[in-house]
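J.: Please read through the structure below; I'll follow up with questions.
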Amino acid sequence: MNIEGNTFLVTGGASGLGGATVKLLAAAGANVLIADVNRDAGEHLATELGVQVRFFPTDVTSEADVQSAIASALELGGSLHGVIQCAGIVIPRKILDKDGAIHPLALFTKGIQVNLVGTFNVTRLAAKAMMQNTPSAEGERGVIINTASIAAFDGQIGQACYAASKAGVVGMTLPLARELARSGIRVMTIAPGVFETPMAADVSETVREAVARLVLFPNRLGRAPEFASLVEHILGNVMLNGEVIRIDGAVRMPAR
Ligand SMILES: NC(=O)c1ccc[n+]([C@@H]2O[C@H](COP(=O)([O-])OP(=O)(O)OC[C@H]3O[C@@H](n4cnc5c(N)ncnc54)[C@H](O)[C@@H]3O)[C@@H](O)[C@H]2O)c1
């Protein structure tokens, strides 16, 4: 899929991995719709990048919000060619903490709702919009790229909710790609290791340094433009479909 002149919707595009993706797509000449709950950061980034980038306040768990965000993307660029899903939250919590307090069920539900149900919600509504596209010479109508995490495979203590939500994203990649193949829509998932973003900034410097030491090569945390660069490659490489790609410097996370 060409980036230049096409239109992309980036959830979680106001910050971190999504923000870097928005910048890369805009620099490559795409129209970009930032769909995020963070209005201040989203509007700021859209203003910084110019008229081809628009922010639309969107909660990925809301059917109405996502439908309106897609309508805004269609208004911006005429059709919707790609969706990159970077909206996500972390719920770090043991099921029983050291004082015996139980993991609140509502917290588990919230993590699943945003990371998994939100991803599915955006996928189904975006696929409907992409069906309207005239296929490329290769028969391609659209590309959907989801973001899981290496926690889907190497979930640590305290990550039951986060790992389950991301494993769900991994699990639906192949069935969605199989179903949408007949419409020329590819579905891919990226599973990042630990990247330097506001999300990772929540943990202490000591923990960040300890995690960076686990990364085999390069011996550091990932940088958001490296994630965006993988998005760029996936968009351009039509043979990539129905697969999950780890981008993690060969780290395998231990139990804690
Ligand atoms: N940073 C990492 O180390 C890392 C590692 C693995 C996976 N990930 C995943 O990558 C994605 C991006 O993370 P990041 O590090 O850029 O984090 P981030 O916190 O910088 O960005 C996440 C964005 O998602 C938005 N968001 C949260 N809930 C939303 C909702 N309901 N609807 C719409 N937007 C919502 C936030 O406002 C924020 O702008 C997430 O799915 C995260 O789980 C991050």
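The values are calculated or read from the model by the stated rules, or taken from the named source; none is laboratory data. Keep in mind that this is a model prediction, so the values were computed, not measured. Glycine also receives a Cβ, built like all others from the backbone with ideal geometry; neighbour counts cover every protein chain displayed.
J.: Within the bounds of segment 174-184, is there any residue that is closer than 23 Å to residue 97 by Cβ and at pLDDT 95 or above?
T.: Step one: filter segment 174-184 for residues closer than 23 Å to residue 97 by Cβ, giving none.
Taking every residue of segment 174-184 in turn, none turns out to be closer than 23 Å to residue 97 by Cβ and at pLDDT 95 or above.
J.: Quick one: is residue 128 among the basic types (Lys, Arg) and within 25 Å of residue 240 (Cα to Cα)?
T.: Values: among the basic types (Lys, Arg): yes; within 25 Å of residue 240 (Cα to Cα): yes.
When the stated conditions are applied, residue 128 passes them.
J.: Still on this model: Have a look at 129, 101 and point out the one that is of a type in the set (Gly, Ala, Ser), closer than 16 Å to residue 65 by Cα and either surrounded by fewer than 13 Cβ atoms within 10 Å (Cβ to Cβ) or away from the ligand (no atom under 16 Å from the Cβ) (or both).
T.: None of the other options fit; the residue is 129.
This table checks each residue for (1) surrounded by 22 or more Cβ atoms within 10 Å (Cβ to Cβ); (2) within 12 Å of the ligand (Cβ to nearest atom); (3) polar (S, T, N, Q).
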residue: 42; (1), (2), (3): yes, yes, no
residue: 45; (1), (2), (3): yes, yes, no
residue: 55; (1), (2), (3): yes, yes, no
residue: 59; (1), (2), (3): no, yes, no
residue: 66; (1), (2), (3): yes, yes, no
residue: 74; (1), (2), (3): no, no, no
residue: 78; (1), (2), (3): no, no, no
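J.: On the given criteria, is residue 91 modelled with pLDDT under 95, within 16 Å of the ligand (Cβ to nearest atom) and hydrophobic (A, V, I, L, M, F, W, C)?
T.: Values: modelled with pLDDT under 95: yes; within 16 Å of the ligand (Cβ to nearest atom): yes; hydrophobic (A, V, I, L, M, F, W, C): yes.
Judged against the criteria, residue 91 is a match.
J.: Quick check on residue 47: is it modelled with pLDDT of 95 or more, of a type in the set (S, T, N, Q), touching a strand residue (DSSP E or B) at 6+ places or on another chain (Cβ under 7 Å) and in a helix (DSSP H, G or I)? First the steps, then the outcome.
T.: Working: modelled with pLDDT of 95 or more: yes; of a type in the set (S, T, N, Q): yes; touching a strand residue (DSSP E or B) at 6+ places or on another chain (Cβ under 7 Å): no; in a helix (DSSP H, G or I): yes.
No.
J.: If I ask for residues that are within 14 Å of the ligand (Cβ to nearest atom) and in a helix (DSSP H, G or I), which ones from segment 186-209 would you list?
T.: Passing the criteria: 200, 201, 202, 207, 208.
J.: Of everything in segment 210-224 that's within 12 Å of the ligand (Cβ to nearest atom) and modelled with pLDDT of 95 or more, which residue is farthest from the chain's Cα centre (by Cα)? Working first, answer last.
T.: The first filter runs over segment 210-224 and keeps only residues within 12 Å of the ligand (Cβ to nearest atom), leaving 211-212, 215, 221-224.
This time we only want the ones that are modelled with pLDDT of 95 or more, so: 215, 221-224.
Details: 215: 22, 221: 18, 222: 15, 223: 15, 224: 12 Å.
Across segment 210-224, the extreme among qualifying residues is 215.
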